[in-house]
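Okay, structure first, notes after.
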Amino acid sequence: MAVQNGKDLLLKVDLTGDGQFETVAGLRATRISFNAETVDVTSLESAGGWRELLAGAGVRSAQVSGAGVFRDAGTDERARQIFFDGEMPEFQVIIPDFGVVEGPFQITAIEYAGSFNGEASYELTLASAGALTFTAL
C-alpha cells in the first residue's frame, strides 16, 4: 500500500435513507478503529499452558471519529438530527486503496467549540450499531 493523502479518508452518511451517501461536510480529520473481544477457553489441558481462544466468538465493533469545521451544510444538520433523535442510519467510511466499510452507526458524541478569533469546530464519535460490510477497492 502506497502512502495515502489523509484527506482521502472519507466519512459519508445516507441523508435520506435512499442509499445516496454524502460526505460529512467540513471534516479535517477522520479515524476508524476495529475491535474484537476475545473468549478465553484455556483449561488445564491446554497445550503447554498456553492460552486458547474460541475462534469466531466475542463481540466485534468499530468506532469512527472525526473533527472539522462547522460548515452549516446539510450533513451538519443531519448529524445533529441523528444524535438528538437517537437514529442509527447507514454510514460509509472510505479508506483509500483499502476499501469501504458500510453499515449502521450511532453518533455517541458530538462536540462543538469555538474561540474568539477562530472558526467554529466540531468533533463526532460514532459506534457501530449492527453488522458492517467491507468492500475492497
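Miscellaneous remarks
- Selection within the stretch 108-133 - in a strand (DSSP E or B) and touching a Gly at 6+ places or on another chain (Cβ under 9 Å): 121, 122, 123, 124, 125, 126, 128, 133
- One residue stands out among those in the stretch 100-121 that are among the hydroxyl-bearing types (Ser, Thr, Tyr) and surrounded by 12 or more Cβ atoms within 10 Å (Cβ to Cβ): the one that is farthest from residue 32 (Cα to Cα), which is 121.
- Inclusion of residue 97 among residues that are touching a Leu at 6+ places or on another chain (Cβ under 8 Å), loosely packed, with under 13 Cβ neighbours inside 10 Å and farther than 16 Å from residue 11 by Cβ is warranted.
- Each residue in the stretch 87-110 was checked for being at pLDDT 95 or above and more than 16 Å from the chain's Cα centre (by Cα), and 0 of them qualify.
- Segments classed as strands (runs of 3 or more DSSP E), wholly inside the stretch 1-62, with at least 3 members that are hydroxyl-bearing (Ser, Thr, Tyr) and surrounded by fewer than 12 Cβ atoms within 10 Å (Cβ to Cβ): none
Every residue, every condition in (1) among the hydrophobic types (A, V, I, L, M, F, W, C); (2) under 30 Å from residue 98 (Cβ atoms); (3) modelled with pLDDT of 95 or more; (4) in contact with a strand residue (DSSP E or B) (Cβ under 9 Å, 6 or more places away or on another chain), yes or no:
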| residue | (1), (2), (3), (4) |
| --- | --- |
| 9 | yes, yes, no, yes |
| 15 | yes, yes, no, yes |
| 22 | no, yes, no, yes |
| 25 | yes, yes, no, yes |
| 36 | yes, yes, no, yes |
| 48 | no, no, no, no |
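- Residue 61 meets the stated requirement of being among the small types (Gly, Ala, Ser) and modelled with pLDDT of 95 or more.
- Residue match in the stretch 74-89 (condition: loosely packed, with under 15 Cβ neighbours inside 10 Å, closer than 21 Å to residue 137 by Cα and either free of Cβ contacts under 8 Å to residues at least 12 places away in the same chain or of a type in the set (A, V, I, L, M, F, W, C) (or both)): no
- If the condition is being among the β-branched types (Val, Ile, Thr) and free of Cβ contacts under 8 Å to residues at least 60 places away in the same chain, then the stretch 48-67 contributes only 59.
The values are calculated or read from the model by the stated rules, or taken from the named source; none is laboratory data. Owing to the predicted nature of the structure, the values given are computational and were not obtained by experimental measurement. All Cβ positions, glycine included, derive from the backbone under ideal geometry; neighbour counts span all protein chains shown.
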